[in-house]
Amino acid sequence: MVVIVGAGYSGLLCAKRLKERGVKVRVFDFREPGGELLVFTKIPEFREHYGKFIDEMNSAISEVEVERGCVVSANPVKVLTPMGIEIINDSAVIAAGAVDCNPWTYGKRPPGVFSPETAIKLIAYGYSIGRRILLAGEDKVLDLLETVLGRKCEVERTKSTEVYVEGDKRVQSVEADGEEFKCDTLILFRGRKTFNPKNLQGELIGNAIVKGYDYSSVKKSVEDYINLKYSR
Amino acid sequence: MNDIAIIGAGVTGSFIAKELSKYDLKVLVLERKLAPGLEQTKACSGIIHPFQLPFKLLRSRLCLEGNRMMDAEAEELGFQFKRVGLITVAKNPITFLAIPLIILYLRMHGVRAEALSKKKLLEMEPNISEKVYGGVFIPSAGVVNPVEMTAKACMFAKLNGVEFVYGCEVVGIENRGDHFVLKTKKGDFKAKVVINCAGIYADEIAKMVGYEMKIIPGKGTHIVFADRGFTNHLVVAIPLKPNKRTKGGGALIGFDGKPLWGPNLVDVESKEDTSVKREEIEGIIAKFSPLFRKTPKEIIAVYAGLRSIAGSDFVINEPIERFINVAGIQSPGLTAAPAIAKMVLEMVSRHFELRRKQSLVRPVRASKNEESICSSLSEDEIVCLCNMVTKKQILEVAEQFKSFDAVKQITWAGMDCEKCKADIMKLLGDRILKDREEEEIAWS
């Protein structure tokens, strides 16, 4: 049997593919299944951009059983569940996804500095995150965010991630690459990293190794794993 | 009429309030911010220092005493405290030769210290550079979450009858002979005795009763790295020549085990200047990385706080009858806080006949063990997986302190990564934004 940690796109897709090959799986997530794609479905532009992957994931959700549980160690797998602590003597596949690197800056630390990940979630939850927004860094997800935010706010861009922030109760201005931007909000992208807070030892798949916003690569990583391990 | 009013709920004011709450006194605490410990306290290093040089200073004596009291305080109030120990490293032959003298000197003042061979040192801290000569291990050094420590003292005080008013800046004081009137935007408050714990603004409060002193802000910048376990102890270098103004910071760790490098000491003009310069970050890394084989992975935060410096020592006095200054509480103020509280209690006893309360209410302690997490999972949910913080724990703090910052600093939710920040904001959004004047999470 294989224990899959995380029921986002990669975990669900992997579980589905393994089931098709007759491998027994158990999938755990500490929250409801769907991972960040579930968040993306709530923003029209993201829903459209990631549509293919969201559909694939939804079809996997209907086929795979997901258990609520927090995996705190692997080898053997130890899961905290509402029923108690469960120890499973099988290998774990880590499909816990990626997380944005912290958007730290020079200067002051007023409210109004977000990573794209936090900004996307807040938008999905129905909050407006600012009026004049500076997007700093380089990635396709920022282009997508620019379109979403551009509907209601003034948006500016800079490629630099070396930024100085001014402001006390809220961001007032941001200096990047010698240029000063007047804004109340900064969205800063410093890249993504594996989300593995319990430092679980096991095979990483999907966005846990891709560490990005490009789900074509995430999909490829899961399929490469399946083909390598379970090719007939 | 209050018996005592404390101005400021930083770590000093909060510990004094906690100590006074054990006696039959009517005590009031006025705090400018929306929760305790959100000014200087939150931006200190969280180190419980083993000692402070030179030993003749008041702050040195209170540091030793506070360090010894800390286990009992942590037990009584229910905050996390770990004696992780401090390793001070000899980087050159001269400081290496000084090790026996350092140990003798520390032991003379009651500080436990033992010599470490290079081999032992590298066993204890595998990331330390091969180029070191040896070191001294001082086991009594520890780490806390300073805001949790402060908030727990406030919770104890509140449970035992102390009144707290947050968002309440004192703008004037009138001395009426047998009592003082404290003027704030939330009205006037009367108290027989006033204790000035206003930190960086203590000089302005003292001025309101006609006492002149000067508090100079000394900025200290820190770097937090993601690499938990990079070192297991606090690591500093033995200085060739001690600096009178600062212990010089170190390759420290936070109470959660993340590397915390700094602080430096930069004199700044403004009492609000907590901005971090790129040169400072480069300077801190350049200063401490030679102690190691490599630099820790990934910066996740940089922050600066202000020390309130009034000369070389703490200023704890009563310059005007019934007006007590607890000012200039620079490093090691966090360590000294319980001892300062005892000292102030002595000073207060001159004005009141102190009667200890028959019984005291103890705060309920939240358990973080795995069984209790399991049993809470059925009706609750984990929001922050890094630090295992549940929705219920977040909302409990939010009920008490209407501040996003306080929730983060006390529960430590969202302090490691970006996964749950939006979820915490969503949880707090309605509750916090509803009844507040000053918007801290002004995203809308």
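Each value in this text was obtained by applying a stated rule to the coordinates, not by laboratory testing. Here the structure is a predicted model, which is why all the values come from computation and not from measurement. Glycine gets a Cβ as well: all are built from the backbone with ideal geometry, and neighbour counts include every protein chain shown.
Partner shielding of B:265-274 amounts to 1, given as the average count of beta-carbon atoms from other chains within 10 Å of each residue beta-carbon. Look at the dipole of region B:171-239 built from charges on Cβ: of B:L234, B:A206, B:G177, the Cα furthest out on the positive end belongs to B:G177. Beyond 30 Å in Cα-Cα separation lie the following of the pairs A:K169/B:K287; B:K190/B:K219; A:K220/B:K368; B:K33/B:K82; A:K169/B:K368: A:K169/B:K287; B:K190/B:K219; A:K220/B:K368; A:K169/B:K368. If both residues of a DSSP beta bridge must be in chain A, then about 40% of such bridges are antiparallel. Per residue of peptide B:373-383, the mean number of Cβ atoms on other chains within 10 Å of the residue Cβ is 4. Other residues within the sphere of radius under 12 Å centred on the Cβ of B:C63, judged by their own Cβ, net out at +2 (K and R +1, D and E -1). In the structure displayed, which of A:K42/A:K78; A:K159/A:K211; B:K42/B:K244 lie more than 31 Å apart, Cα to Cα? Over 31 Å apart, Cα to Cα: A:K42/A:K78. Once the Cα atoms of helix B:333-348 and of chain B are each reduced to a long axis, what angle between those two axes, in degrees from 0 to 90 to the nearest 10, is obtained? Roughly 40 degrees, rounded to the nearest 10.
Between the listed residues B:G429, B:I320, B:T95, the Cα displaced farthest toward the positive end of the dipole of chain B, a dipole computed from Cβ unit charges relative to the Cα centre, is found at B:T95. The alpha carbon centroids of region A:53-87 and region B:59-113 are separated by 46 Å. Of the GluC sites (Glu not before Pro) found in region A:37-103, the ones in coil according to DSSP and having at most 13 other Cβ atoms within 10 Å of their Cβ are A:E65.
A straight line joining the Cα centroids of region B:174-235 and region A:116-173 runs 36 Å.
Which one, B:I320, B:I173, B:I216, has the greatest fluctuation when you compute a Gaussian network model over chain B with C-alpha springs under 10 angstrom? Of the options given, B:I320 has the highest mean-square fluctuation. Near B:I329, once Lys and Arg are set to +1 and Asp and Glu to -1 for all other residues with Cβ below 13 Å from its Cβ, the sum equals -1. Taking every DSSP bridge with both residues inside chain B, close to 70 percent are antiparallel. For the residues B:D416, B:D178, B:D71, a GNM of chain B with alpha-carbon springs under 10 Å puts the largest fluctuation on B:D178.
Using θ = phi - 60° in the Karplus curve 6.51 cos²θ - 1.76 cosθ + 1.60, the 3J(HN,Hα) couplings for region A:90-102 round to 9, 7, 10, 10, 8, 10, 8, x, 10, 9, 5, 5, 4 Hz; x is entered for Gly and Pro. Only one residue of B:P36, B:S289, B:I195 has its Cα farthest out toward the positive end of the dipole of chain B, where Lys and Arg carry +1 and Asp and Glu -1 on Cβ, and that residue is B:S289. Here the Gaussian network model covers chain B, with springs between Cα atoms less than 10 Å apart; of B:M425, B:M70, B:M108, B:M108 fluctuates the most. DSSP bridge analysis restricted to the protein assembly as shown gives an antiparallel fraction near 60%, rounded to the nearest 5. Taking amide H atoms as placed 1.01 Å from N in the peptide plane, the amide H of B:G328 lies under 5 Å from those of B:V315, each 5 or more residues away in sequence or on another chain. Of the GluC sites (Glu not before Pro) found in region A:129-218, the ones in coil according to DSSP and having at most 16 other Cβ atoms within 10 Å of their Cβ are A:E138, A:E162. Near the amide H of B:G134, within less than 5 Å, lie the amide hydrogens of B:A90, all on another chain or at least 5 residues away, with H placed in the peptide plane. Dividing the Cα radius of gyration of region B:135-230 by its Kirkwood radius returns 1.10 for Rg/Rh. Remark: mean inter-chain Cβ contacts per residue of A:75-81 equal 2, using a 10 Å Cβ-Cβ cutoff to other protein chain atoms.
For the pair B:E130 and B:E321, the difference between a 0.36 nm per residue extended length and the Cα-Cα distance amounts to 62.9 nm.
Across the protein assembly as shown, Cα-Cα pairs more than 32 Å apart make up 55 percent of the total. Using a simple spin-label model with pseudo-atoms 7 Å out from Cα toward Cβ, B:K368 and B:K277 lie 3.6 nm apart. Counting Cα-Cα pairs of region B:44-195 in 10 Å increments starting at 0 gives whole-percent bin shares of 9, 25, 25, 20, 10, 9, 1. Modelled spin-label separation between A:Y230 and B:Q80, with each label point placed 7 Å from Cα along the Cα-to-Cβ direction: 3.8 nm. In this entry, region A:180-225 is assigned a mean projected area of 5.0 nm², taken as a quarter of its C-alpha convex hull surface. Annotation: amide H-H contacts under 5 Å for B:Q80 (H modelled 1.01 Å from N, sequence separation of 5 or more, or interchain): B:N145.
Stokes-Einstein diffusion of region B:268-333 at 20 °C, 1.002 mPa s viscosity, Kirkwood radius from Cα pairs, rounded to a whole number: 140 µm²/s.
With the largest listed first and rounded to whole Å, the semi-axes of the equivalent ellipsoid of region B:223-337 from the Cα gyration tensor are 30, 15, 14. Helical runs assigned H by DSSP (4 residues or longer) give the protein assembly as shown a calculated mean residue ellipticity at 222 nm of -9500 deg cm²/dmol, each run adding -39500 (n - 2.57) before division by the residue total. Sorted from greatest to least, the principal axis extents spanned by the alpha carbons of chain B come out as 64, 55, 45 Å.
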